[in-house]
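One structure is given here, and the rest of the page talks about it.
The values are calculated or read from the model by the stated rules, or taken from the named source; none is laboratory data. As the structure is a computational prediction, the values presented were derived from the model and not from experiment. Glycine gets a Cβ as well: all are built from the backbone with ideal geometry, and neighbour counts include every protein chain shown.
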Amino acid sequence: MIRERIERLRRELNYHNHKYYVENAPEISDYDFDMMLRELQDLEAAHPEFADPNSPTKRIGSDITTEFKTVAHRFPMLSLGNTYSLDELHEFIARTEKEVGETEFVCELKFDGTAISLTYENGALTRAVTRGDGTYGDDVTENIRTIRAIPLVLQGKDYPPLFEIRGEILMPYASFDKLNAEREANGEPLFANPRNAAAGTLKQQSSAVVAKRGLDCTLYQLAGDDLPFMSHWENLSKAKEWGFKVSEHIRICRSVKEIDEYIGYWDEERKHLPFPTDGVVVKVNRYADQRALGFTAKAPRWAVAYKFKAEQALTKLLSVDFQVGRTGAITPVANLEPVFLAGTTVKRATLHNAEQMALLDIRIGDEVYVEKGGEIIPKITGVELAARPADSKPFEYIAICPECGTPLVRYEGEAKHYCPNQSGCRPQILGRIIHFIRRKAMDIDGLGEETVELLFESGLIRNIADLYDLQAVQLSVLPRLGDKSAENIIQSIEASKQVPFRRVLFALGIRFVGETTAKYLAAHFKTLDAVIGASREELTEAEEVGNKIAESIIDYFADEENRKIIGRLRAAGLQFEETGKELRSDVFAGKNFVISGVFSYHSRDELKEIIELHGGKNLAAVSANVDYIVAGKNMGPAKLQKAEKLGIKLISEQELMEMAEGDGARQATTADNDTTTTEKGQRPQQGVLF
Ligand code: IVH
C-alpha cells in the first residue's frame, strides 16, 4: 500500500516536474506540487526501506558535505575547434564534404555554461561528472540531482540500458542576477559571469545550496553502444521523448547558405535568450560520416564552433571614480549611462589604469564602447570620436589618494598608481583584513565583509593581529551579532591557528604574493623566519619569484608596523612553519571514515591523522556517505546496527594500517596504470559516437 503510494507520488511528481521545467507548460499549481512533495517526504522519512536516490525529494538537496570523487570518463570529453571567421567555417565545410561527400550538418547554439556528462542505467540517473581535464572529472551526482531540468528517471521504455548524454549546465541570467544580488548584500565576492557561477555552483559542497541556485541544463550529445539511431539529430530528438531538455533551436542545414543564415539569425536573436550563448556549433549529422572524419588530439574533426564577437554597447561616460584596493592599487572605474549588454544592465565599467585611459584618450562626456570580458566589471574598449563634444578636455588623472589624500606613487613596470599609506588608508586596512579572512587564506568563516567593517567602525580591530585578541563578550553586544554568532566567530578565529603556513603567508597580503607564490615560498623556505631573513637573491631562488616580488617581500618585512603585527600573530600561535604533514599517499582519496570504539595500538587521534595523511576524510557520524568504519573494542550497538543496514565495511585498526602503508603503495601504482589504459585514443573508437 505505502510502497504503491510512494511510487505513484514519485511518478506524478516526475511528470509535473518535466511539464514545468522542461516543457514550460505546467499542469498543476505550485501549491499542489508542494503538497504532493511534502507527502512523499513524510512517507520516505517514515519508511527508509523504500529510499531511492532518484526520488524527486532528492531535488531539494541536503546539507551533508560531499567530497567529490575524481572519476575517469568512459569516453574522453573533448573540446571543440573554434573560429571567429566565417571564411574558416566555410573551409571546414568544404574540407568535410571533400572527405565524406555531400553531407548534412546540424547547427546548434553554443551554450555558455559548464559541460556535464550524465550516465543513465536502466532509465535512472546513476552518475554525473564534470569535464575536468577531459579524461578525469569530478563526480557531482548529488548536486546534479537537484537540477529540475535533468530527469532522474526517464520516460518511455525504448532507451538503451546504458548510455551517456552530455550537455551544458547553465545559469539563466535571472538566476545569476538574483545570486549576485544576494552575494553583494552578504558581502560575498561576486561571480564574474553566469558560466563561472554555474561551474562554481556545481562544486558546492552542499547540494541544498545548489538546489536554490536555479540552474538549468540543455543536452547536446549522446554516447553509448546501443543508441537507437545512426545520426545525431535523430538521437537528440529521441532523447527529448525520454524527458531530456534538448534545445528547440537546433536545425539541419544542407548548404553553406543555410548555415550562414542560421548564424546570422542567432548572432542577433541570442540577445533575447534568457541564458548566455557564445556561438554556434556546426556538427556533421551522420555517425558514419563522423567516424570517417575522426578526431585530432583534442577535438573531433566533425564539428566546429563559430564564436560570436563579444557584444558591445555604446553609451555615455558620465564620471570616473577611483577605487583603492587592499594593496593600495588605484583602479579608475567609469560611471556610465545605464545600457543593456549581454543580458544585464551595465552602469559601471573598469578603465584599468592611467596609461590605458591615456592610450584611448578617454574623456568625460564621451560616447564609449563597453564590452563584457571574463571579469565581473565590463571594460571600456574604445571611444566614438565622431561623437565627441567640441569643448571636451583631456582627462586629468588624480595625483592624491581619493580616500586619504596621500600623494600617489608609481612603481617601476607597474601600470597602476598606488597609495603608499598602507597603515592609514581605510580601504587598504579593511581590504587587508578581508583578504586575511578569505576562504583561501585563513578561512575565518564566521566573519564576513560587513562584520569586518562593523568591527573596524567600533574600534575593535585595526589590523589582522587584533582579530586574535577579540573576545566573545565584545562581539555579542554589537548590532546584528548575538551570542551564537559571536561564539562562532571566536571559534573560527581559533581554528585559523591551524591553517598551514603557506596559507598564512598568502593571507598576510604581501603585494604580488598570490596563492601560488606563497606556496612556492613556503616550500622553499619552510619557515617565516627564513623568508624574513632572506636576501633579495635568496628570495629569487624560490620558484616563480622574480625581483619585483622579492622587493615587495623585503619592503613588507622592513615595515615596522608589519613586524609588530607578525610578532603578535606569532604569539597568538599561527603556523609560521611548514609542518611537513604533506600527504603520504592518496589511497584514501574520496573515502570517508568513522572511527568508533577503543583501540590497542593507536589513539583515536593518531588513527584520524593516518587517514588524513593518506587523503581520507574523518566523519563524525555513520551515514550513507561513510565508506569504512574503523571498529575498535566496545563499538556502540546502535552504530553497529546502522552500519550493517547501510552495508558499510567494518575494518580493524590493523586493516587500516595495512591499507594505508602496505597495500597503499601497490594500490597507488595500479591506479596509475589504469590511467594509461583509459588513455585517449583507445576509447574514442568505441561506442557509436566516438
Ligand atoms: S558538442 C566533442 N555542442 O563547448 C564535442 N558542445 O568548446 C562535444 N558547448 O566542452 C561538445 N554548446 O561545454 C557541443 N551545442 C553544443 C555546445 C557545446 C556548448 C561547450 C561544451 C564543450 C565546449 C567545447
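Do we find that ASP391 is at pLDDT below 95 and over 25 Å from ASP361 (Cβ atoms) in this structure? In short, no.
Is it fair to say LYS298 is within 27 Å of ASP87 (Cβ to Cβ) and within 12 Å of the ligand (Cβ to nearest atom)? Walk me through how you get there before you give the answer.
Details: within 27 Å of ASP87 (Cβ to Cβ): yes; within 12 Å of the ligand (Cβ to nearest atom): yes.
So LYS298 fits the description; yes.
For residues that are within 14 Å of the ligand (Cβ to nearest atom) and hydroxyl-bearing (Ser, Thr, Tyr), scanning just region 191-229, find the one that is surrounded by the fewest Cβ atoms within 10 Å (Cβ to Cβ). Here the residue is THR218.
Can you tell me which residue among VAL304, VAL339, VAL346 is modelled with pLDDT of 95 or more, assigned to a strand (DSSP E or B) and among the hydrophobic types (A, V, I, L, M, F, W, C)? If you could, list the steps in order and put the result at the bottom.
Numbers: VAL339 fails: modelled with pLDDT of 95 or more; VAL346 fails: modelled with pLDDT of 95 or more.
Answer to the check: VAL304.
Applying a threshold of 9 Å to beta carbon distances and a minimum spacing of six or more residues, or different chains, the list of pairs starting in region 303-321 at a residue that is in contact (Cβ under 8 Å) with a residue 60 or more places away in the chain and over 26 Å from LYS393 (Cβ atoms) and ending at one that is among the charged types (D, E, K, R) and away from the ligand (no atom under 16 Å from the Cβ) reads ALA310/GLU371; ALA310/LYS372; GLU311/LYS271; GLU311/GLU371; GLU311/LYS372. In region 272-292, of all residues being under 12 Å from THR96 (Cα atoms) and aliphatic (A, V, I, L, M), the one that is farthest from the chain's Cα centre (by Cα) corresponds to ALA292. So, of the residues in region 70-88 that are within 23 Å of the chain's Cα centre (by Cα) and among the polar types (S, T, N, Q), which turns out to be nearest to the ligand (Cβ to nearest atom)? For region 70-88, the residue satisfying everything is SER79. For the residues VAL256, VAL280, the requirement of being within 13 Å of the ligand (Cβ to nearest atom) and modelled with pLDDT of 95 or more singles out VAL280.
Could you run through region 520-551 and say how many residues are in a helix (DSSP H, G or I), crowded, with 19+ Cβ neighbours inside 10 Å and without any contact (Cβ under 8 Å) to a residue 24 or more places away in the chain?
Our first condition is that a residue be in a helix (DSSP H, G or I); within region 520-551, this holds for 520-525, 528-533, 536-539, 547-551.
Those left that are additionally crowded, with 19+ Cβ neighbours inside 10 Å: 521-522, 525, 528, 531, 539, 549-550.
Filter once more, so that each one left must be without any contact (Cβ under 8 Å) to a residue 24 or more places away in the chain: 525, 539, 550.
Qualifying residue count for the region: 3.
Of the residues making up region 96-127, just one is more than 33 Å from the chain's Cα centre (by Cα), of a type in the set (S, T, N, Q) and surrounded by fewer than 21 Cβ atoms within 10 Å (Cβ to Cβ), namely THR103.
Residues in region 89-133 that are without any contact (Cβ under 8 Å) to a residue 12 or more places away in the chain and under 20 Å from LYS298 (Cα atoms): GLU91, ARG95, ASP133.
Okay, residues lined up against (1) more than 15 Å from the ligand (Cβ to nearest atom); (2) assigned to a loop (DSSP other than H, G, I, E, B); (3) of a type in the set (Ser, Thr, Tyr):
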{"position": "LYS110", "(1), (2), (3)": "no, no, no"}
{"position": "ILE116", "(1), (2), (3)": "no, no, no"}
{"position": "ARG127", "(1), (2), (3)": "yes, no, no"}
{"position": "GLY132", "(1), (2), (3)": "no, yes, no"}
{"position": "GLY137", "(1), (2), (3)": "no, no, no"}
{"position": "ILE147", "(1), (2), (3)": "yes, yes, no"}
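Filtering GLY424, GLY448, GLY459 for residues that are surrounded by fewer than 21 Cβ atoms within 10 Å (Cβ to Cβ), closer than 17 Å to ARG511 by Cα and modelled with pLDDT under 95 leaves a single hit, GLY424.
Taking into account only those residues within region 248-286 that are of a type in the set (Val, Ile, Thr) and part of a helix (DSSP H, G or I), which is surrounded by the most Cβ atoms within 10 Å (Cβ to Cβ)? Step through it out loud before you land on a result.
We begin by selecting, within region 248-286, every residue of a type in the set (Val, Ile, Thr); these are 250, 252, 256, 259, 263, 277, 280-282, 284.
The next check asks that each one be part of a helix (DSSP H, G or I); those that pass are 256, 259, 263.
On the way: VAL256: 15, ILE259: 22, ILE263: 18.
Among those that are of a type in the set (Val, Ile, Thr) and part of a helix (DSSP H, G or I), it is ILE259.
All of (1) of a type in the set (A, V, I, L, M, F, W, C); (2) farther than 19 Å from ILE437 by Cα; (3) crowded, with 17+ Cβ neighbours inside 10 Å hold for ILE566 with one exception: (2). Would you confirm, using the coordinates I've provided, whether LYS245 is within 16 Å of the ligand (Cβ to nearest atom), surrounded by 15 or more Cβ atoms within 10 Å (Cβ to Cβ) and without any contact (Cβ under 8 Å) to a residue 12 or more places away in the chain? So LYS245 fails the test. Summed over region 230-242, residues that are surrounded by 15 or more Cβ atoms within 10 Å (Cβ to Cβ) and in a loop (DSSP other than H, G, I, E, B) total 1.
Being touching a Lys or Arg at 6+ places or on another chain (Cβ under 9 Å), within 15 Å of the ligand (Cβ to nearest atom) and of a type outside the set (Lys, Arg) is a property that ASP158 lacks.
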